[in-house]
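A.B. asks: Pasting a structure here, questions to come.
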Amino acid sequence: MNKDSSFTVRDLPRQERPRERLQKFGPEVLSAQELLALVIGRGIPKKSVMSIAQELLVRFGNVRAISHATIEELSQIKGIGLAKAAKIKACFDLGRREELFRGLKRMSLKCLTIPLGVPSPQRMI
């Protein structure tokens, strides 16, 4: 590894790289840093994608805070331009939409199981 560059994903043995681990074991075994690195894609000269992902976590404190950050806030991190910030926001919004869909689906199923003649808490409001 060149002393002028930071640690990169390519420095890892192939089986320990985030993409390969995701493929073999699924996303639940990856750390937040590794998942963010996969979304970000590439680092910049002298700053690896893993370093950028770690900086996001340090700067915002946790994944939830990153998900609520604006594109402008995300792009203040060196190595996160507008395109990568938009990609991060898009990924979080897809997850949010999936959660909303699952919530609506659960509500619909509950409504279908209530007998018609019995008042439900939702109908009383």
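Only the coordinates and a few stated rules stand behind these numbers; no lab work does. The model shown is predicted, which means the values in this text are computed figures rather than measured ones.
A.B. asks: Under a 5 Å amide H to amide H cut-off, with H placed in plane at 1.01 Å, what residues pair with LYS47 once short-range neighbours are removed?
C.D. replies: SER6
A.B. asks: Under the Karplus relation 6.51 cos²θ - 1.76 cosθ + 1.60, θ = phi - 60°, what is the ordered set of whole-Hz ³J(HN,Hα) values for the stretch 9-20, x standing for Gly and Pro?
C.D. replies: 4, 5, 6, 7, x, 3, 6, 9, 6, x, 5, 5
A.B. asks: Just want to confirm a number: the relative contact order over the stretch 9-98, from Cα pairs under 8 angstrom separated by 6+ residues, in percent. Each step should come with its number before you reach the end.
C.D. replies: Numbers: 79 pairs, mean separation 18.8, N = 90.
The normalised contact order for the stretch 9-98 reaches 21 percent.
A.B. asks: What is the diffusion coefficient of the stretch 60-100 in µm²/s, taking the Kirkwood radius over Cα pairs and the Stokes-Einstein relation at 25 °C with a viscosity of 0.890 mPa s?
C.D. replies: Reported coefficient: 237 µm²/s.
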